[in-house]
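These notes are about the structure you will find just below.
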Amino acid sequence: MAAALEAICFPPEYAAGPATIAERMATYADHFWLIEDEGGMLLTLVNGPCTHERDLNDKMYETPAMHDPDGAWQMILGVATAPAAQGQGLTTRLLRTVIETTRVHGRQGLVLTCLDDLMPFYARLGFVDEGMSASHHGGLPWHQMRLTLA
């Protein structure tokens, strides 16, 4: 279901495919957050590994084994919401859950990358733009955004 949602929400250049999602889930299943409807349809998904590295890099997308359960930073590799579920506040609600879970686990904060048009959305949740990311995932220019908790 997660790979299908990624395929709907993102272009193939940077959508995580079924094998990648399966490997991520096998490595850090407890760092997949989701909202489903009453029928079990996946509406919103957030996922990513933890690491002691401060900055998100392309290798994290390709190598789930970089996950460190004791890592100081929660990286967010994917935020996907089904088109029919957009505009209902589900993504905001789920990201607030991810932020609170990260806080409860005593991590320093969260890091994600996004395109220009989503920067205001993440800023409303407290993320701060750190400029252009070293990541060129999918061949696109990404902004790195960070929410420091500690």
Where in segment 108-150 are there strands (runs of 3 or more DSSP E), lying wholly inside it, with at least 2 residues that are loosely packed, with under 15 Cβ neighbours inside 10 Å?
128-132
Conditions: (1) within 14 Å of the chain's Cα centre (by Cα); (2) surrounded by 13 or more Cβ atoms within 10 Å (Cβ to Cβ); (3) part of a helix (DSSP H, G or I); (4) of a type in the set (Asp, Glu). Residue 55 meets all but one. Number of the miss?
(3)
Scan segment 54-68 residue by residue and report those that are acidic (Asp, Glu) and in contact with a helix residue (DSSP H, G or I) (Cβ under 6 Å, 6 or more places away or on another chain).
58
What about residue 84, is it of a type outside the set (Ser, Thr, Tyr) and out of contact with any Cys (no Cβ under 7 Å at 6 or more places or on another chain)?
yes
Qualifying residues in segment 6-40 (those that are under 24 Å from residue 100 (Cα atoms), touching a residue at least 40 places away in the same chain (Cβ under 8 Å) and of a type in the set (A, V, I, L, M, F, W, C)) - the one surrounded by the most Cβ atoms within 10 Å (Cβ to Cβ):
35
Residue 98 vs. criteria aliphatic (A, V, I, L, M), under 19 Å from residue 5 (Cα atoms) and not in a helix (DSSP H, G or I)
no
Looking across segment 126-146 at residues that are free of Cβ contacts under 8 Å to residues at least 40 places away in the same chain and within 14 Å of the chain's Cα centre (by Cα), the single one that is nearest to residue 50 (Cα to Cα) is 146
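Computed from the coordinates by the stated procedures, all read-outs in this text should not be read as laboratory data. Here the structure is a predicted model, which means the values were calculated and not measured. All Cβ positions, glycine included, derive from the backbone under ideal geometry; neighbour counts span all protein chains shown.
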